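I have placed the structure first, in the form of structure tokens, so that the comments after it can refer back to it.
The values are calculated or read from the model by the stated rules, or taken from the named source; none is laboratory data. If you're wondering where the values come from, they're calculated on a predicted model, not measured in any experiment. In this analysis, Cβ positions are derived from the backbone assuming ideal geometry, glycine residues included, and neighbour counts consider all displayed protein chains.
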Amino acid sequence: MKKVLLGVTMALAGGTVIAGDQNFDNRWYVKPNVSVTKPDTDKNISSGLEMGLAVGKFLTEKVSLDFELAQGTMDSKSGGELEQRTYGLIGRYHFTENTGFTPYLGLGFGVMNSTLDTSQDNRQATGSFIGGLSKALTDNVHLKTELRYRMENADDSIRPRDDKFGDFLFNAGLAVMLGEKSTESTKTDLIEQAPIDSDKDGVSDAKDRCPSSPSGSNVDGSGCAIVDNDDDNDGVPNSKDACPNSKAGAVVGSDGCEVQVVIELQGVHFDTDKATLKPESIAILNAAVKTLGEHGTILVEVAGHTDSTASDAYNKALSDRRAKVVYSYLVDHGVAADRMTWKGYGESQPIATNDTEAGKAKNRRTELIVK
């Protein structure tokens, strides 16, 4: 709206209109509507309905102008009927749309003809203050609801010696757009260009004190890179670290918080009901020794698990012994003892059903849990 007003001002002052566009729906529309009217108490008439028909269009993106005709008949409390016919112009200013509704304010000026029973028509000027909401139901149909306060001058056929009245009207109508949707351009004296951002850091060159920031840099309002330390050395910068005090060597996620990593030593098997390693387990354990040697800072727990074949106590003791055997093998082959602990969990943490032999085989396992 600022662009339109400035353009008009410059034109009146003799300035040259050179560039710029502002688009809006400039179609004509018709709006059948109905009002519930609560008359001024001094009129001594009952509330009633007024039926209306308006024709209008938007003159700018936010300003519309309607010509409206309306007629209503209400009962006089002293007997008879009052017929009111109004016609005039209504201008509305529409604000920014919010949650699908567009609020607006308006002013109206017109003429009212009033007839009480068979008495002669009385004509008086009217003025209205309007506040309302508009909702686009489709591209071609808009619902408009509004509250009006309508003032009118004296009407001796209604109540002698009173020189003005004020009625309240609740009005609702459907604005039906006519024809195909088009746009209208309003020329202005402003040439707007998108701000240039050479280093693509989100700060325009005009405000960028560091115009050569590396692509993807985290920059401040002046376009300069923000120094983002990693105090706990976990690979996640402080600005993104939700757990800034991770212990050294811990495995962390993208938020800097520790995550549990479980390495199942598939192929490590024991003799039935014993803690004696089978020969095929040696190759797997040697591979684990090599891996732990390549990652010399991680800490692990050797965890033993069984199926549910025996009692809880028996299974807990068996898994303890098996975990201790694996722990000892790793220590004996070069993994520092202070990097590891061991624990048996028995049958308490199954990863498959114990109702089948295949499930039981999966539950009999040894794991390295990275701390």
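Among the residues of the stretch 220-241, write down those that are of a type in the set (A, V, I, L, M) and modelled with pLDDT under 75.
Applying the first criterion (of a type in the set (A, V, I, L, M)) to the stretch 220-241 yields 225-227, 236.
Residues satisfying the conditions are Ala225, Ile226, Val227.
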Subject >> Filtered residue count, the stretch 299-347, keeping only those that are over 15 Å from Leu277 (Cα atoms) and of a type in the set (Lys, Arg) >> reply: 3
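Do we have Val302 as surrounded by 22 or more Cβ atoms within 10 Å (Cβ to Cβ), touching a strand residue (DSSP E or B) at 6+ places or on another chain (Cβ under 9 Å), part of a strand (DSSP E or B) and not polar (S, T, N, Q) here? Even if it seems obvious, please write down each step before you answer.
Working: surrounded by 22 or more Cβ atoms within 10 Å (Cβ to Cβ): yes; touching a strand residue (DSSP E or B) at 6+ places or on another chain (Cβ under 9 Å): yes; part of a strand (DSSP E or B): yes; not polar (S, T, N, Q): yes.
Taking the combined requirement at face value, the residue satisfies it.
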**OP:** Give me the pairs, please: first residue somewhere in the stretch 22-41 and farther than 24 Å from Phe67 by Cβ and part of a strand (DSSP E or B), second residue anywhere and aromatic (Phe, Trp, Tyr) and at pLDDT 85 or above, beta-carbon distance under 9 Å, and either six or more positions apart or on two chains.
**Re:** Lys38/Phe168; Lys38/Phe170
Original post:
Out of (1) assigned to a helix (DSSP H, G or I); (2) loosely packed, with under 14 Cβ neighbours inside 10 Å; (3) modelled with pLDDT of 90 or more, the odd one out for Gly334 is which?
Top reply: (1)
Original post:
Looking at the stretch 344-371, which of the residues that are more than 49 Å from the chain's Cα centre (by Cα) and basic (Lys, Arg) is surrounded by the fewest Cβ atoms within 10 Å (Cβ to Cβ)?
Top reply: Lys360
Original post:
Which members of the stretch 80-132 meet the condition of being over 17 Å from Lys31 (Cβ atoms) and in contact with a His (Cβ under 8 Å, 6 or more places away or on another chain)?
Top reply: Pro103
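Just one of Ala323, Ala250, Ala288, Ala283 is assigned to a helix (DSSP H, G or I) and touching a residue at least 60 places away in the same chain (Cβ under 8 Å); which is it? Reasoning before the result, please.
Details: Ala323 fails: touching a residue at least 60 places away in the same chain (Cβ under 8 Å); Ala250 fails: assigned to a helix (DSSP H, G or I); Ala283 fails: touching a residue at least 60 places away in the same chain (Cβ under 8 Å).
None of the others qualify; the one that does is Ala288.
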Original post:
Going by the conditions given, is Lys316 at pLDDT below 95, surrounded by 16 or more Cβ atoms within 10 Å (Cβ to Cβ) and basic (Lys, Arg)?
Top reply: yes
Original post:
Does the stretch 35-54 hold any residues that are surrounded by 15 or more Cβ atoms within 10 Å (Cβ to Cβ) and of a type in the set (Val, Ile, Thr), and which are they?
Top reply: Thr37, Ile45
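Considering each of Ala283, Ala310 in turn, give the residue that is small (Gly, Ala, Ser), at negative phi and surrounded by fewer than 14 Cβ atoms within 10 Å (Cβ to Cβ).
On the way: Ala310 fails: surrounded by fewer than 14 Cβ atoms within 10 Å (Cβ to Cβ).
Going through Ala283, Ala310 in turn, the sole match is Ala283.
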Subject >> Residues satisfying the stated conditions in the stretch 59-79, i.e. hydroxyl-bearing (Ser, Thr, Tyr), without any contact (Cβ under 8 Å) to a residue 60 or more places away in the chain and not in a strand (DSSP E or B) >> reply: Ser78
